[in-house]
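Undergrad: This is the structure I have questions about; it appears just below.
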Amino acid sequence: MRNLILASSSPFRRQILGKLQLEYSCISPDIDESAKETETPQELVARLAEAKARKVASTESNSLIIGSDQVAVLGNEILGKPHTHENAVKQLRKLSGHTVTFLTGLSLINSETGQAQTEVVPFKVVFRQLTDEMIENYLRAEEPYNCAGSFKSEALGIVLFEKLEGEDPNTLIGLPLIRLVRMLEQEGLKVL
């Protein structure tokens, strides 16, 4: 039986993977997550998801390793983490009334064969028209200063949205389970 390893320290990804009721362990990969100069957001998340999985695969035998990486994009601009209240206010004002696309890179690597399956899964969030009062109330309540886009969709941030568009709501939180199940099945691991 092969080991299943999540190459992540994210508690949110662990919680999502737990929905599949499979035994797995977590190893946090230490990689440089800087974007390359000419890289598109799609290329960035695909490369980082695979790099995280490959880093763990280099030390783990007989395993299937899951790597994931995510960016939020408005137009062609990658939305970073705001880190401060002032930056979060600016970011949410900019997002008001617009559609943000979350791009999640997902990679599954078989450490024995080196075979990688890597995909980029999009998920769109349409923001409501946000007033300054709504923005201030939200930021005071949740303080999402370490979250790309200045919100936590798995919590109170949901009230900032008009609608969500995508095939798998888990994608928004960082681990597209529908695609992952297909990848696992291609490696012979049946979830059901």
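Undergrad: For the stretch 45-79, name all the residues that are among the hydrophobic types (A, V, I, L, M, F, W, C), farther than 18 Å from VAL125 by Cα and free of Cβ contacts under 8 Å to residues at least 60 places away in the same chain.
TA: The answer is LEU48, ALA51, VAL56, ALA57.
Undergrad: Farther than 30 Å from SER63 by Cβ and in contact with a Phe, Trp or Tyr (Cβ under 8 Å, 6 or more places away or on another chain): is that true of TYR138 in this structure? Working first, answer last.
TA: Numbers: farther than 30 Å from SER63 by Cβ: yes; in contact with a Phe, Trp or Tyr (Cβ under 8 Å, 6 or more places away or on another chain): yes.
Yes, satisfied.
Undergrad: For LEU22, indicate whether it is touching a residue at least 12 places away in the same chain (Cβ under 8 Å), among the hydrophobic types (A, V, I, L, M, F, W, C), touching a strand residue (DSSP E or B) at 6+ places or on another chain (Cβ under 9 Å) and assigned to a loop (DSSP other than H, G, I, E, B). Give the derivation first.
TA: Numbers: touching a residue at least 12 places away in the same chain (Cβ under 8 Å): yes; among the hydrophobic types (A, V, I, L, M, F, W, C): yes; touching a strand residue (DSSP E or B) at 6+ places or on another chain (Cβ under 9 Å): yes; assigned to a loop (DSSP other than H, G, I, E, B): yes.
In short, yes.
Undergrad: Among the residues of the stretch 118-128, is there at least one that is more than 30 Å from TYR24 (Cα to Cα), at pLDDT 95 or above and in a helix (DSSP H, G or I)?
TA: No, because not a single residue in the stretch 118-128 is more than 30 Å from TYR24 (Cα to Cα), at pLDDT 95 or above and in a helix (DSSP H, G or I).
Undergrad: Would you be able to say whether some residue in the stretch 80-100 is part of a strand (DSSP E or B), of a type outside the set (Lys, Arg) and touching an Asp or Glu at 6+ places or on another chain (Cβ under 7 Å)? First the steps, then the outcome.
TA: Within the stretch 80-100, the first condition is being part of a strand (DSSP E or B), and the residues that meet it are 99-100.
So of that shortlist, the ones also of a type outside the set (Lys, Arg) come out as 99-100.
Those still in the list that are touching an Asp or Glu at 6+ places or on another chain (Cβ under 7 Å) too: none.
Taking every residue of the stretch 80-100 in turn, none turns out to be part of a strand (DSSP E or B), of a type outside the set (Lys, Arg) and touching an Asp or Glu at 6+ places or on another chain (Cβ under 7 Å).
The values are calculated or read from the model by the stated rules, or taken from the named source; none is laboratory data. On a predicted model such as this, the values are computed, not experimentally measured, just so you know. Note that each Cβ is placed from the backbone with ideal geometry, even for glycine, and that neighbours are counted across all protein chains shown.
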